[in-house]
Amino acid sequence: MKILIAEDDDMSRRLLQKTLERAGYEVQAVENGRLAQDELCRSDGPRLALLDWEMPEVDGPGVCRAVRAREEKAYVYMIFLTSKESSDDKVAGLRSGADDYLTKPFNAEELKARLRTGMRILHLEDRLVEARRPSRRARGGGCSRWSNQHDRRSLR
């Protein structure tokens, strides 16, 4: 599964990318929130993302809100990885649509464990959506675009 890293600091972005690639992950790295938003909102975009909070063009919470606003696409699991560490920041980040929140400097093993959790959740979501498809067909609902959109929205 591809992981998107959105981090405006070049050194931090490269360090994070190398850490994850050494752990066996396929990584796509971008340097601002607009590029992150564009990639995550594509139908074939990454479904797992690490987002910095403070980025040029669109901040991390803005990326989360944009990704959550699209209804017909597969779920994207988003983790903030930021230096903002107050409880208010964490709450605001999670309210914006993030699934998890880590502060810098990060522990590589903790980050990898949280990424594995995100991958498990995405796998379960895929299985739930797939399991609902045959039951809709059995009731004569078919696999229309509406029913697929409805299936995904009902799981959020």
Filter region 6-41 for residues that are touching a Lys or Arg at 6+ places or on another chain (Cβ under 7 Å) and in contact (Cβ under 8 Å) with a residue 40 or more places away in the chain; which is nearest to Ile79 (Cα to Cα)?
-> Glu7
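Being among the small types (Gly, Ala, Ser) and in contact with a strand residue (DSSP E or B) (Cβ under 7 Å, 6 or more places away or on another chain) is true for just one of Ala6, Ala66. Which residue is that? Working first, answer last.
Values: Ala66 fails: in contact with a strand residue (DSSP E or B) (Cβ under 7 Å, 6 or more places away or on another chain).
Answer to the selection: Ala6.
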Those residues of region 50-61 that are crowded, with 19+ Cβ neighbours inside 10 Å and touching a residue at least 40 places away in the same chain (Cβ under 8 Å) come to a total of 6
Got at least one residue in region 42-49 being farther than 21 Å from Met1 by Cα, outside any helix (DSSP H, G or I), hydrophobic (A, V, I, L, M, F, W, C) and in contact (Cβ under 8 Å) with a residue 12 or more places away in the chain?
-> no
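Pick out the one residue from Cys64, Cys41 that is surrounded by fewer than 19 Cβ atoms within 10 Å (Cβ to Cβ) and under 26 Å from Val129 (Cβ atoms). Spell out how you get there, then give the answer.
On the way: Cys64 fails: surrounded by fewer than 19 Cβ atoms within 10 Å (Cβ to Cβ).
That would be Cys41, the only listed residue that is surrounded by fewer than 19 Cβ atoms within 10 Å (Cβ to Cβ) and under 26 Å from Val129 (Cβ atoms).
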Please specify each residue of region 1-29 satisfying the condition of being aliphatic (A, V, I, L, M), closer than 18 Å to Ser83 by Cα and outside any helix (DSSP H, G or I).
-> Ile5, Ala6
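So that you can scan it fast, the table gives a plain yes or no per residue for (1) aliphatic (A, V, I, L, M); (2) out of contact with any Cys (no Cβ under 7 Å at 6 or more places or on another chain):
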| site | (1), (2) |
| --- | --- |
| Ala49 | yes, yes |
| Asp59 | no, yes |
| Gly62 | no, yes |
| Val67 | yes, no |
| Glu71 | no, yes |
| Ala74 | yes, yes |
| Met78 | yes, no |
| Thr82 | no, yes |
Per the list (1) under 21 Å from Ala108 (Cα atoms); (2) touching a residue at least 24 places away in the same chain (Cβ under 8 Å), residue check on Lys90 breaks on (2)
Run Met78 past the list (1) assigned to a loop (DSSP other than H, G, I, E, B); (2) within 21 Å of Leu124 (Cα to Cα) and report the number of the one that doesn't hold.
-> (1)
Qualifying residues in region 69-84 (those that are over 13 Å from Asp100 (Cα atoms) and without any contact (Cβ under 8 Å) to a residue 60 or more places away in the chain) - the one surrounded by the fewest Cβ atoms within 10 Å (Cβ to Cβ) = Ala69
State whether the residues of region 89-105 include one that is more than 18 Å from the chain's Cα centre (by Cα), part of a helix (DSSP H, G or I), at pLDDT 80 or above and of a type in the set (A, V, I, L, M).
-> no
In region 56-75, anything under 21 Å from Lys2 (Cα atoms), among the aliphatic types (A, V, I, L, M) and part of a loop (DSSP other than H, G, I, E, B) is listed as Ala74
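The values are calculated or read from the model by the stated rules, or taken from the named source; none is laboratory data. These numbers come from a predicted model, not from an experiment. Here Cβ is always computed from backbone atoms with ideal geometry, including for glycine, and neighbour counts include all displayed protein chains.
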